[in-house]
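Accompanying notes for the structure given below.
The values are calculated or read from the model by the stated rules, or taken from the named source; none is laboratory data. Bear in mind the structure is a predicted one, so any value in this text is a computation, not a measurement. Every residue, glycine among them, receives a Cβ derived from its backbone with ideal geometry; neighbour counts consider all protein chains shown. The accessibility values were calculated without ligands, DNA or RNA, using every heavy atom of the protein model including side chains. Shrake-Rupley method; radii C 1.70, N 1.55, O 1.52, S 1.80 Å.
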Amino acid sequence: MSELDCQGLAKTVGESDRAAVLRGVSFHVRAGSCVGLSGATGSGKTTLLRLIAGLEAPDRGEIRIDGRLASSPAWLLPPGQRRIGFVFQGLGLWPHLDVAGHLDYVLAASPLKGQARARHKDDLLEAFRLRDLRRRMPAELSGGEKHLLAIARALAGEVRLLLLDEPFAGLDGSLKSRVLETVARYRRARGLTAILVSHQTDELNALCEERLHLREGHIAPPLGRQASAYGEGGGGARP
Amino acid sequence: MAKGELAAGALLVFLLASGDFTVSSLLLVRTLPVEIHDQLALGRPASAAWTALPLLGFVLLAAIVLARRAAPDPEAPAYAGASRRGGWAHWMLLAGVALGFVAPLAGCAAGAFGGIEPARLALSAGLPALAVSVRLAAAAALLAVLLGAVRVVCWPEQSAAPLRAAGLVLLAVPGAFLAAGLLMSGQFGREGLETLGGAGGSLSRHAPASVLLGLAYFLRFAYLPLRLAEESLRGMDPVLLESAELAGHSRTSRGLSIALPLAWRHLLAAGALVFVLALGELPVSQHLAPAGATPLSVWLFAEQHYGYTEAVFALSLLAGGSAALLLGLAGLAASTSAGTARFGASGWRFFRARRVS
């Protein structure tokens, strides 16, 4: 588990017509908690996750993971050294690797070796109900199985922080409940710190203890359920 | 966007046509490339260089414009609308084959079946020429695939516009000019090796002249693997590489394990294109053909000038058939090896799982 601290993050995107997406975003995520992040389309949710993952550098502000400076305009810790798992909106499964190949490739770069590595892989296959599918290619998986594989891959590398960018989009009904339940159980069992980007209340309720809302490049004042968390002062997310 | 693509296509055709030697020489049209070829053949490299200067300037300018403008839109989904354009593309392909291959040869076909002489001539004198060309074209194709693979593995996330522009210049400059440049470089290289003595001198004496011609084919068509490698990378979702980066894999590992397996079809296509184009390349072949060996295109060109059109027909058919057979076998081997690799990997995993359990 990991503690995350973002202070004054600003980011401008676009090449010809540059637009400020984030204009000074500050929040804190306690170790072991899950924070839900919502906001209108284009409000900068994905950009914020990409900044945290180190896939982009902020124009202003800084990101600290466990107190260690990870990102600032002058310094960028490589994404591979942050121990972050990222489930992308489009999943981004590798079409030429089967289920086991996805986990093997991630584990090949992890510090786990030998039996520990094999055990971790087996745990993931078991937890995400992929054991019987390990020889299947992504094209041979159903929608829900693809989502489970994407999440299992994100968790394979001994991660401390999990970033979920609308990972349940496109799933409905019982399938979504099944995937949500699997992720929630796995996260709780390991006390994993996580940030979930979603518009869906059921997803946020199932996974997150706290919520943040992005509006016009800032963290908006808390509303509804969020208010209690902020009011108590001991919430996982503190703007 | 379609207007931009059409303009880039038109510019590319204009660029290649302005540097063409084969057709203009056969049709006795005195174009700039023919003039450059003749100047070089007469041993006047300085005159050839001055003659080529405006064309080279134009080619360089067009290469820069094409490299900047003709790059596909990274936001556009790969192969968008391809199914709708498929019908037209097939008709255009058929028309191109009819115009460029069937029609010219049909003119020669009538006399070809009149006797055994054309076939005998094609087999006796033409077959060795075909063998020389196939060998050199295959070497150039292999180098092209390697170049594409190196580009994909070393820079999977970056554009290589300057490299592409350089490849385009090599593709568009008149072949005779490129050949003269390579001849001079080869000469300097040999002299350099001679001065080194020992192993260098030995290498200089034993390096076959055909190596220079194979290298020339490769350089002339290097744009194709570079361009197709770029296309394959642009069509790839960046998230595929970012996921690997987050897992802690190095750039080379990402290139080798993610980008290369997804780009191999493009690279094989580039190799096939280079093979076919090198087989029919004339200006460079004519200048750099090693002593005692006549490449196919030079033999065909000479025969056409003598008027032995039936032999040209027979050997062209033979060359086309050989090229199609070789490319078909290469494609089959590639698809079989991909299937075998997957089957082998599955078998190994099954075996390992049994042992563990």
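Overview of values
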quantity: Filter result for A:Arg117 (over 21 Å from the mean Cα position of the chain (by Cα), buried (at least 16 other Cβ atoms within 10 Å of the Cβ) and more than 8 Å from chain B (Cβ to nearest Cβ)); calculated: yes
quantity: Matching option when the condition is at pLDDT below 70 and in contact with a Pro (Cβ under 6 Å, 6 or more places away or on another chain), among B:Ala63, B:Ala112; calculated: B:Ala112
quantity: Top-ranked residue of the range B:212-241 - restricted to ones that are open to solvent by 40 Å² or more (accessible area, probe 1.4 Å) and closer than 21 Å to A:Leu51 by Cβ, ranked as farthest from the other protein chains (Cβ to nearest Cβ); calculated: B:Pro238
quantity: Top-ranked residue in the range A:48-64 [being open to solvent by 10 Å² or more (accessible area, probe 1.4 Å) and under 14 Å from the mean Cα position of the chain (by Cα); ranked as nearest to the other protein chains (Cβ to nearest Cβ)]; calculated: A:Leu55
quantity: Failed condition for A:Leu97, given (1) open to solvent by 40 Å² or more (accessible area, probe 1.4 Å); (2) among the hydrophobic types (A, V, I, L, M, F, W, C); (3) part of a loop (DSSP other than H, G, I, E, B); calculated: (1)
quantity: Positions within the range A:154-168 being over 16 Å from A:Asp123 (Cα atoms) and open to solvent by less than 50 Å² (accessible area, probe 1.4 Å), in sequence order; calculated: A:Leu161, A:Leu162, A:Leu163, A:Leu164, A:Asp165, A:Glu166, A:Pro167, A:Phe168
quantity: Strands (runs of 3 or more DSSP E) enclosed by the range A:130-224 - at least 3 residues per element that are away from chain B (no Cβ under 14 Å) and either touching a residue at least 40 places away in the same chain (Cβ under 8 Å) or touching a Lys or Arg at 6+ places or on another chain (Cβ under 6 Å) (or both); calculated: A:193-197, A:210-215
quantity: A:Pro95 free of Cβ contacts under 8 Å to residues at least 40 places away in the same chain and either closer than 12 Å to B:Leu246 by Cβ or within 11 Å of another protein chain (Cβ to nearest Cβ) (or both); calculated: no
quantity: Any chance A:Glu126 is assigned to a helix (DSSP H, G or I), open to solvent by 60 Å² or more (accessible area, probe 1.4 Å) and closer than 24 Å to A:Leu212 by Cβ; calculated: no
